[in-house]
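Data block below; observations after.
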Amino acid sequence: MFKTIKYSNQYLAKTLFKRTLLFVFILVTVCFGFWYWNIFQAMMHGQFSWWYFSPIVLSIVLTAFSGWVIFGFYKNYAPKHTDFLSRYLKRIELRQMISLLVVSKGFFDTETTDNNTYLTYYPKLKIKVKHNTGQLLIEEPVDGEKYMAQFASGDFDQSVETALLADRQTTEFMKNKMISTFAFEPIKFRRQLLALQPEKGRLQIAKGIDWKYDTFYNALISGNVGTGKSYTIFAILGQLLQLTKYVDIIDPKRSDLASLKYIDALKGRVHSTPTEINQAVIKYYQNMMARAEKMEKIKATGKIGTYKDYHFEPCFLVFDEFGAYREMNDRLTFSDPAYEAYQRAMSNLNEIAMLGRELGFYLIIGMQRPSADSLPMAIRGQLNLRINMGVPTPEIEKMVFPDNDKQLRPLSSQLKGWGFIKVGDSQVRAFFAPEVPKEFNLHQWLSEQISRRGKQ
């Protein structure tokens with residue numbers, strides 16, 4: 001249920017605290033009523049003692065103690081727990097913060113007459129808190145009033161993100177209003193690696209974030225060492241291997257992905273030496289062009305559609321440490337026999353990025369620091385899923401999320417595996433990559449995923 005935000009809500013927590021103390025004081029006084037009655041009768045008979053002030057002092061002390069307990073509960077207990085009272089206090093804090101934002105932005109009007117100020121307009125704002133999913137829904141007015149443009153342009157939403165350390169997920173426009181959804185606890189959207197359930201055309205990333213690779217084709221996954229880039233690639237790779245056997249893996253640094261060549265089902269599909277990599281890219285391209293010829297013959301009969309309509313399987317080239325591959329090969333001289341193969345492979349990659357969607361040939365590129373030098377424009381323009389683990393530098397942010405207008409902040413100082421994601425034309429969103437359990441064995445898990453292929 002949505003709760004209406006009022007101008008007075010900017011003092012909501014303080015008002016409720018004062019009312020609670022007043023209630024406690026009245027309750028204690030009522031409990032001491034019999035004591036007060038005896039004192040009153042004694043004073044009617046002309047008796048007086050300083051001890052008669054003891055119930056008053058005791059009422060004040062108990063009220064002050066109650067205030068101290070309530071304040072400590074609000075500051076220390078409520079933020080860390082999810083019981084009914086803790087959730088209620090969190091809602092109070094959110095309502096107060098939203099009201100303060102409206103006032104600080106000046107999205108209201110007042111009128112002064114005879115030295116008195118009256119509120120003449122306050123926007124029709126409502127909020128709804130979903131504690132189970134860690135989401136905040138704000139209903140904002142788009143009703144032709146004075147400050148409609150500021151709400152519709154997202155100006156107010158940006159302030160909410162900054163003030164609440166929240167992440168705007170979606171904005172939906174309706175008649176006379178818009179509803180923006182924020183994640184104020186992104187950790188609740190985290191999936192477990194062992195519980196991922198892919199479907200044809202769809203891979204799970206986080207709750208509410210899926211990768212529909214047929215629609216948002218090709219992916220970039222970036223991030224420095226220790227940010228969780230490799231584990232994010234593992235989560236995607238495991239789901240792909242559950243859906244199709246046509247997955248080629250490239251790891252020029254011979255790290256974790258290169259070790260997958262020792263899985264029997266992946267023999268011949270994992271490449272790590274420069275010669276192997278160039279040959280794998282060229283072969284991947286040749287397979288794509290062979291499929292193009294087959295589809296062309298089918299279309300010659302008058303049929304139209306994409307690879308799925310002709311019952312072809314999707315193919316994926318998972319290319320980790322792409323930047324390292326470029327650096328190693330850019331050192332080659334023109335006279336080196338490997339240079340020609342490298343140039344051919346790069347040319348093929350550009351064509352795969354541009355032509356692969358309709359044919360069902362996709363690229364997944366992993367690298368630490370994307371740049372214009374390491375990531376060609378022909379490939380960069382075709383990356384419709386973009387992930388950066390950790391907070392990107394300004395330079396990397398411009399490369400990975402060029403149209404981003406929100407401030408990207410750290411999600412946690414204790415947890416790993418968080419970053420930011422953009423799918424197609426959607427907004428940049430904060431997310432936690434699937435959680436990897438302790439004692440995780442990559443080879444065993446991938447073998448299990450392969451064994452499930454075709455059993456969905």
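The values are calculated or read from the model by the stated rules, or taken from the named source; none is laboratory data. A quick note: this is a predicted structure, and the numbers were derived from the prediction, not measured. No Cβ is skipped: glycine too gets one built from the backbone with ideal geometry, and neighbour counts run over all protein chains shown. With ligands, DNA and RNA removed, areas are computed over all heavy atoms of the protein, side chains included. Shrake-Rupley method; radii C 1.70, N 1.55, O 1.52, S 1.80 Å.
Here are a few things to note about the model shown:
- Pairs are defined by a Cβ separation below 7 Å, a sequence spacing of at least 6 or placement on different chains, a first member in the range 168-184 that is touching a residue at least 12 places away in the same chain (Cβ under 8 Å) and on the phi > 0 side of the Ramachandran plot, and a second member that is charged (D, E, K, R) and in a loop (DSSP other than H, G, I, E, B); the pairs so defined are Asn176/Asp143.
- Matching strands (runs of 3 or more DSSP E) fully within the range 358-456 where at least 1 residues are among the β-branched types (Val, Ile, Thr): 361-367, 385-389, 418-423
- Close pairs (9 angstrom Cβ cut-off, 6 or more residues apart or separate chains): more than 16 Å from Ser180 (Cα to Cα) and open to solvent by 60 Å² or more (accessible area, probe 1.4 Å) in the range 140-153, outside any loop (DSSP other than H, G, I, E, B) and at pLDDT 85 or above anywhere: Glu145/Tyr121; Lys146/Asp109; Lys146/Tyr121
- Pick from the range 41-87, criterion open to solvent by less than 100 Å² (accessible area, probe 1.4 Å) and of a type in the set (D, E, K, R), ranking: farthest from Lys14 (Cα to Cα): Asp83
- Candidate set: the range 312-332, residues that are part of a loop (DSSP other than H, G, I, E, B) and modelled with pLDDT of 90 or more; chosen: the one surrounded by the fewest Cβ atoms within 10 Å (Cβ to Cβ): Glu313
- Of all residues in the range 197-229, those satisfying the criterion of being under 26 Å from Gln368 (Cβ atoms), surrounded by fewer than 23 Cβ atoms within 10 Å (Cβ to Cβ) and more than 17 Å from the chain's Cα centre (by Cα) are Phe216, Tyr217, Asn224, Val225, Gly226.
- Every pair of residues 6+ apart whose Cβ atoms lie under 8 Å, when the first sits in the range 23-39 and is farther than 16 Å from Tyr52 by Cα and assigned to a helix (DSSP H, G or I) while the second is open to solvent by 40 Å² or more (accessible area, probe 1.4 Å) and β-branched (Val, Ile, Thr): Phe25/Ile60
- Residues of the range 404-425 that are touching a residue at least 40 places away in the same chain (Cβ under 8 Å) and open to solvent by less than 50 Å² (accessible area, probe 1.4 Å): Lys406, Arg409, Ser412, Gly417, Trp418, Gly419, Ile421, Val423, Gly424.
- Unique match (being assigned to a helix (DSSP H, G or I), open to solvent by 80 Å² or more (accessible area, probe 1.4 Å), in contact with a strand residue (DSSP E or B) (Cβ under 9 Å, 6 or more places away or on another chain) and touching a residue at least 12 places away in the same chain (Cβ under 8 Å)) among Leu355, Leu349: Leu355
- Scanning the range 386-401 for residues that are open to solvent by less than 80 Å² (accessible area, probe 1.4 Å) and either among the hydrophobic types (A, V, I, L, M, F, W, C) or more than 17 Å from Lys229 (Cα to Cα) (or both) gives Ile387, Met389, Val391, Ile396, Met399, Val400, Phe401.
- Output for the range 306-356, where each listed residue is out of contact with any helix residue (DSSP H, G or I) (no Cβ under 9 Å at 6 or more places or on another chain) and basic (Lys, Arg): Lys308, Arg331
- Tally of residues being touching a residue at least 12 places away in the same chain (Cβ under 8 Å) and surrounded by fewer than 21 Cβ atoms within 10 Å (Cβ to Cβ) across the range 430-452: 12
- Answer residue from the range 233-256, given it is under 9 Å from Val318 (Cα atoms) and charged (D, E, K, R) and is least open to solvent (accessible area, probe 1.4 Å) among those: Asp251
- Selection within the range 267-277 - open to solvent by less than 10 Å² (accessible area, probe 1.4 Å) and either touching a residue at least 24 places away in the same chain (Cβ under 8 Å) or more than 35 Å from the chain's Cα centre (by Cα) (or both): Ile277
- Boolean, Ala280 is loosely packed, with under 13 Cβ neighbours inside 10 Å, out of contact with any helix residue (DSSP H, G or I) (no Cβ under 7 Å at 6 or more places or on another chain) and part of a helix (DSSP H, G or I): no
- Those residues of the range 110-162 which are part of a loop (DSSP other than H, G, I, E, B) and closer than 30 Å to His81 by Cα, in sequence order: Leu125, His131, Asn132, Thr133, Gly134
- Of all residues in the range 119-139 being of a type outside the set (Ser, Thr, Tyr) and over 16 Å from Gln96 (Cα atoms), the one that is most open to solvent (accessible area, probe 1.4 Å): Asn132
- Which numbered condition Ser99 fails, given (1) under 22 Å from the mean Cα position of the chain (by Cα); (2) open to solvent by less than 50 Å² (accessible area, probe 1.4 Å); (3) not aliphatic (A, V, I, L, M): (1)
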